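No lab work stands behind these numbers, since they all come straight from the coordinates. Predicted, not measured: the structure shown is a model, and the values here were computed from it.
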């Protein structure tokens, strides 16, 4: 069912809007003039429309859940934020609202009947047996996807409005058929050839060059032999993790924390729910069915008479917070096996039955003691770190040397030699090493940082003791490296020289490639028919071989380097694609889509100037930045 609503969303929400907008937004984007840090509590204002924190959060959580379906249940909100998913969600919502605002401005409206027809016509919400719209499937899809009914209906209406705008812009794009056919023919041309790799063993003994040649190579390739700038530093760190082992707890503190968090360790009551659902105008039928049930009729038999099968009747287990709010009271006031009177919701008239109840439960303190103790120690350590950090900062500000100030507050100190930009902290496993490394290279020689804090809460201060500038390593120090690099380059040069000579023999004298391969201790392989992309090649053949075939004339050869190997490649056959029989439809669609995206991107640029867009980053930060820092 969840897959069904995703399919529906792709066809209406994503295909109409996101599929094009996501690409256009790279061009349009959220620029600096659109940011607003005022007192508004909305996420964004787009003309007369708003994006509320609740709307953003629901959309973001749906995006996170979609990612979990791809990456697994351990994918979390922090990872989503780091991947840019939050920003993409904001941008997508803004894009939707901009097009909807434009549709309203030009007077486009969508009737309730058209919205209803759009939803009812979706295969995602049809019963597979009857082929008719199923309110039960619709309702379950909304539950699982995290939409309220009104959210979904408003989304469909807004996107249908936007579709009319988008359709009017992009519906006329056309591509000349001859252009599409030529592209297809170019892509579908196939070639085959033969090739062999030179025997690298024949080039194993390369005489070492004299020192003059090596010294020249050392200077000409200085980047290979240059030592990066390095720094010697004194570092002190103060973190809650360092304090945790020193924290002691009393039984009273543990018991009090458990009492405060008891709700976290409670499993809510669950109820299996079955329903018979009637249309909004079928109240009388619902009441007649209820009467039959009170007289002893079988629930499933009555449901089948109402056109529902077992899969539609049995909704599964729900907690009071999971079920549709309008049905919660009726469901959770029933006894086990009880049947409710007809209950009206926006979906119609429901008769609810609760066949079984799973009682709620609460884990005891003994069962969760380890969790309580660990969290309480973490809390106390984080609480204590603020006072220690303040004392640390005061001492440093008063001129106390890092080493002395660190000792007074129990901070760790490190003497690090040879720290290189982007390479951590000289092998030391320090929390936030990459951030500290970046700070080290912001400072001058002899300079000391302020007390800084990493993203994970570690406080640190660093002093630059010495800077060793980047410099070309002396030849004598790196002579072995120079010899190895020169030898490898010389080997490749000689192999290419030999391969080009062999290819010339084929091109100028008509030499047989198999004979040349045999004479050089190699064997010829056939590529088989392949395309420009390498499609058709065996997995162990480098795609550069296919690329070479498409640069050659029939019967000609060339030398090609493929990684460490050098090969001689000869073109044996060209199989041109017939431009008259080429199926141009896929390429035609591809080109149309590209044209449509370009047209819509330009239109969005126009709307960016016509419609006021204000994004409130402070609200977004309040909603999600704490999660990103945890």
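With the convex hull drawn over the C-alpha atoms of region 103-154, the volume per residue is 86 Å³. Against the chain, whose longest principal axis is taken from its Cα atoms, helix 135-145 shows a tilt of about 50°.
Note: region 269-359, Cα convex hull, 82 Å³ per residue. Computed over the Cα atoms of region 395-476, the ratio of the radius of gyration to the Kirkwood radius (Rg/Rh) comes to 1.00. The shape of region 183-263 can be summarised by an equivalent ellipsoid whose semi-axes, obtained from the alpha carbon gyration tensor, come to 66, 36, 16 Å from longest to shortest.
Here is how the number arises for the chain: DSSP H runs of 4 or more residues each give -39500 (n - 2.57), the sum is divided by the residue count, and the result at 222 nm is -15500 deg cm²/dmol. The C-alpha radius of gyration of region 302-433, expressed as a fraction of 2.2 N^0.38 Å, stands at 2.17. Taking the C-alpha atoms only, the angle from helix 85-105 to the longest principal axis of the chain is near 60 degrees. Expressed as an acute angle from 0 to 90° and rounded to the nearest 10, what is the orientation of the C-alpha long axis of helix 211-220 relative to the principal long axis of the chain? Tilt relative to the chain: about 40 degrees. Computed extension length for residue 285-residue 363: 23.5 nm, one decimal, from 0.36 nm per residue of separation with the Cα-Cα distance subtracted.
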